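Structure record follows, encoded as structure tokens.
Each reported figure results from applying straightforward, stated rules to the coordinates on display, with no laboratory input. The structure displayed is predicted, hence computed values, not measured ones. Methodologically, a virtual Cβ is constructed for each residue, glycine included, from the backbone with ideal geometry; neighbour enumeration extends over all protein chains shown.
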Amino acid sequence: MIKNLPSKSLQTLLSKIIDYAGLYPPANLPLGDAIRNFVRYQIDADEWMLSRFIIPAKRLVELSQLAEQVFPREGVLTFSALGRGGKDADEFLENLKQDLEDIHAFRENHDSAVLVDMFEVVLPASALGDNSSTLGLVNAAADVLNKNGLIVFFEASYGEGWQVRAEKLIRSLRKIKDKHVGFKLRTGSVTADAFPSTEQVAWAIASTRDAGIPMKCTAGLHHPVRHYNENVQTKMHGFINVFGAGVLAVAHKLSQEQIKSILEDENPASFVFNNNGFTWKNLRVATSKILHARHQIVSFGSCSFDEPREDLHALGLM
């Protein structure tokens, strides 16, 4: 058990780290319940861990209908919109227009009460074929989204051949990194086959770091430290493992194998936080450098805001 340390390094590592995705499995909450939770979390003692509300762009019109009942009278609610995607490049670009129309209407309806500043979308597998077509689609999409005030995180669909698709995507993002773009890594779901291996996660951390591309994660990171989950029948990645590995990888230029070792550590006592910095075994990063590294590894989507912080309290970290 880790002793309770009111730690600046932990706060820096976990600041604005959770994008609340209550609409998604396993929570699968109705929109009204999820947005009420998000509004309530804004005034919670642990609100410093909370970032954006994750919502499909096509459901923003539905949220507008609830706004008068659930939006706070003061303050700004921040959102990341999920794009419709598409089966091929043409459908993807056509759907992107509809996504932007939905975002514009939502912004106009609620003005300064809302901020939609991030966009996340899965690229069609068929568009991640040759490098030139991938670059063309990513560049075109990033250009129009950035012009509409949106940081965009692109995802390669998970499954057989994922790493090949992801390599092409990261290569393209590297070529347009003057734009506000990033790579989205799916770190789990509700079935064992949806969890990437530690080798794959380590590869993604090392590859995005080397490319100078921000990375965010989604799904499967409900708990701080890697462990076996009976319900899913697999080992789930820990968000302290992933983000701790991410900041140490940036600070120390770690190899993929070193990153993998951090991801696979199931001992909470290996992760030590104090006001001056964060240490994993013999590797340390100063608190002052954690914030810089967090620009590289940004946040993770979770259908629960309560589980991550309850586990942190149970470990004596908060």
Spatial separation of Cα centroids for region 280-318 and region 124-176, in angstrom = 28 Å
message = If I model a spin label at residue 125 and residue 66 as a point 7 Å from the Cα along the Cα→Cβ vector, what separation in nanometres do I get?
response = 3.2 nm
ask   = In region 147-206, what is the volume of the convex hull around the alpha carbon atoms, normalised per residue and reported in Å³?
value = 91 Å³
Average projection area in nm² (convex hull over Cα atoms of the chain, one quarter of hull surface) = 15.3 nm²
request  = Sketch the reach of a paramagnetic label on residue 178 as a point 7 Å from Cα along Cα-to-Cβ, and name the residues of region 107-141 whose backbone nitrogen lies under 15 Å away.
outcome  = 139-140
key: Share of alpha-carbon pairs per 10 Å distance bin for region 32-84, given as whole %   = 23, 57, 19, 1
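State the number of lysine pairs found in region 1-96 whose Cα atoms come within less than 26 Å, restricting to pairs 8 or more positions apart or on distinct chains.
Eligible lysine pairs with Cα atoms under 26 Å apart amount to 4.
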remark   = Taking 0.36 nm per residue of separation between residue 270 and residue 314 and subtracting their Cα-Cα distance, the length gained on full extension comes to 14.3 nm
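What are the membrane-span-like helices in the chain by this rule: whole DSSP H runs, Cα extent along the axis at least 18 Å, mean Kyte-Doolittle hydropathy at least -1.0?
131-147, 162-175, 198-211, 239-252
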remark   = Amide H proximity to residue 215 below 5 Å, modelled H, separation 5+ or other chain, gives 183, 297, 298
Simple label model, 7 Å out from Cα along Cβ direction - residue 111 to residue 284, nm = 5.2 nm
request  = Take the alpha carbon atoms of region 45-76, find their center, do the same for region 187-212, and report the distance between the two centers in whole angstrom.
outcome  = 29 Å
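Considering just Cα atoms, how many Å³ per residue does the convex hull of region 275-318 enclose?
Convex hull of Cα atoms, per residue: 101 Å³.
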